[in-house]
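So the structure is just underneath, and the comments pick up after that.
The values are calculated or read from the model by the stated rules, or taken from the named source; none is laboratory data. Nothing here was measured: the structure is a model prediction, and the numbers come from that model. Don't worry about glycine lacking a Cβ; one is built from the backbone with ideal geometry, like all the others, and counts go over all protein chains shown. When the accessible area is computed, the model is the full protein with side chains, heavy atoms only, and any ligands, DNA or RNA have been set aside. Shrake-Rupley method; radii C 1.70, N 1.55, O 1.52, S 1.80 Å.
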Amino acid sequence: MPDSTIRHVHARRVWDSRGRPTVEAEVTTAGGAVGRAIAPAGASTGSGEAVDRRDGGTAFGGLDVRGALAAIRDEIAPAIAGMDAAGQAALDARLIELDGTANKARLGGNATIAVSMAAAHATAAAHGLPLWRWLAGDGADGPVVMPLPEIQIFGGGAHADARVDLQDFMVVCPGAENFAQALDWTAEVYRAAGALMAAAGKRQGVADEGGWWPVFADNEEAIATLALAIERAGFRAGEQVAIALDVAATQFGRDGAYRLRLDERDYDRGEWAERVAGWVARHPIVSVEDPMAEDDPAGMAQVTAAIGDRALVVGDDFLVTSAARIEAAARDRACTAALIKPNQAGTLTETRAALDAARAAGMRTIVSARSGETEDVTVVHLAVGWQADQLKVGSFARSERMAKWNEALRIEEGLGERARFRAGQIFPGQGRP
Ligand code: 2PG
Ligand code: MG
């Protein structure tokens, strides 16, 4: 057995896809293996998620991470030196105990998740395995299901100066036969959407995650344009390629009231739930994330009751990768799928617990990157190693996104005959087993 005792933990400041400082951790084992990971950062965050430690002040808009780096150097490194990097649960328990807060505010969720993920990488490296393979354990010897990619075509909300209210206009490919084909199809849809925007004189670059910048008269026009792009690219909308939305309603909803800036309309809970259900009825939509605000479990349950037989209802800000919240949501029938973001939880062990809770409750699982990303591809390995249903990492442009899609291609290719893809079974009413 390789010696995966932690010998050294190094922290350095690196930069993310929005040009903001972030934390990279590097764990070195006694056997000389090195694992490295970079903390991502959200823009539309849920109030219940682990918080980044940022320095405040004037440098880089107050977003510097010197404090988080110091927390790794001065507190985390001495506390975990000598522990076994392969003992992820014990390691993460030590981080949680050392932090001592409910939301990682003292050390910083950006510090803890970088170290937690770097330790997993170091262990995999010590064993000479790709991370996904280490995480999958014995299960990796049989068939391995590749996650279905969920890919943004138009960016909006907090990722596009609220130019439209909804955040992610995405596609999934329930008709694709494998991961690589799903990417091929999405590439065609992305091109077709860009061409449609250009033809209308509305192509103005891209939003934070690489999706086309949204120049639309109202939110529904963006949905209709995406459906048109799917057809222009030559696919049967709703069947081969379908729409998935991230409404990210926490950004414009509060206390059961929803205010759409672009549409210049206010809705109460019931009206808003009906509006979302109307979109699902009129357009080829198979998945809707955070249709209601994080403080509105009653609204989430209302939407789930209305559309749950036709589309997934996904909780992100609503669940914040918390096993306890996922269990409560399952009891309330408030959603049918959980977004799983490592930095919302703050450690890999808590992330895994959330995924297990979702699976135990019969929810679909979507491992997700953040809007602020880097070349780090850890989420891809988590999605494959943990056998999540879907993988969400933004759009089909810009290298912090493409690095992840390309990593998944390498994994699928390496699996060869053992690779499986069950895209058609993920959404309600589409041949669910
Ligand atoms: C989301 C993510 C990714 P952010 O809401 O699902 O699109 O955005 O990282 O800004 O929270
Ligand atoms: Mg979201």
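Brief remarks follow.
- Any hit, the stretch 38-49, residues being away from ligand 2 (no atom under 16 Å from the Cβ), open to solvent by less than 10 Å² (accessible area, probe 1.4 Å) and not β-branched (Val, Ile, Thr): yes
- Filter result (open to solvent by less than 30 Å² (accessible area, probe 1.4 Å) and in a loop (DSSP other than H, G, I, E, B)) within the stretch 285-296: Asp290, Pro291, Met292, Ala293, Asp296
- Residue identified as under 20 Å from Ala397 (Cα atoms), assigned by TED's automatic domain parsing to the domain that holds Thr250 and over 19 Å from the mean Cα position of the chain (by Cα) among Ala158, Ala195, Ala200: Ala195
- Candidates Asp263, Asp246, filtered to the one that is within 30 Å of Ala176 (Cβ to Cβ) and in contact (Cβ under 8 Å) with a residue 60 or more places away in the chain: Asp246
- Residues of the stretch 317-341 satisfying the condition of being away from ligand 1 (no atom under 14 Å from the Cβ) and among the hydroxyl-bearing types (Ser, Thr, Tyr): Ser322, Thr336
- Residue within the stretch 1-15 that is surrounded by 16 or more Cβ atoms within 10 Å (Cβ to Cβ) and acidic (Asp, Glu) present: no
- Taken over the stretch 186-219, the criterion of being of a type in the set (D, E, K, R) and without any contact (Cβ under 8 Å) to a residue 60 or more places away in the chain is satisfied by Glu188, Arg191, Lys202, Arg203, Asp218.
- Here is the figure for the stretch 358-376: residues that are surrounded by fewer than 23 Cβ atoms within 10 Å (Cβ to Cβ) and free of Cβ contacts under 8 Å to residues at least 40 places away in the same chain total 4.
- Residue, most open to solvent (accessible area, probe 1.4 Å), within the stretch 297-335, restricted to residues that are in a loop (DSSP other than H, G, I, E, B) and away from ligand 2 (no atom under 15 Å from the Cβ): Arg333
- Only one entry of Ala33, Ala25, Ala59 meets the criterion of being of a type in the set (Gly, Ala, Ser), more than 16 Å from ligand 2 (Cβ to nearest atom) and in contact with a strand residue (DSSP E or B) (Cβ under 6 Å, 6 or more places away or on another chain), and that entry is Ala25.
- Subset of the stretch 258-284 [in a helix (DSSP H, G or I), surrounded by fewer than 19 Cβ atoms within 10 Å (Cβ to Cβ) and touching a Gly at 6+ places or on another chain (Cβ under 7 Å)]: none
- When the stretch 50-90 is filtered for residues that are small (Gly, Ala, Ser), open to solvent by 40 Å² or more (accessible area, probe 1.4 Å) and part of a loop (DSSP other than H, G, I, E, B), the ones remaining, listed by number, are Gly57, Ala81, Gly82.
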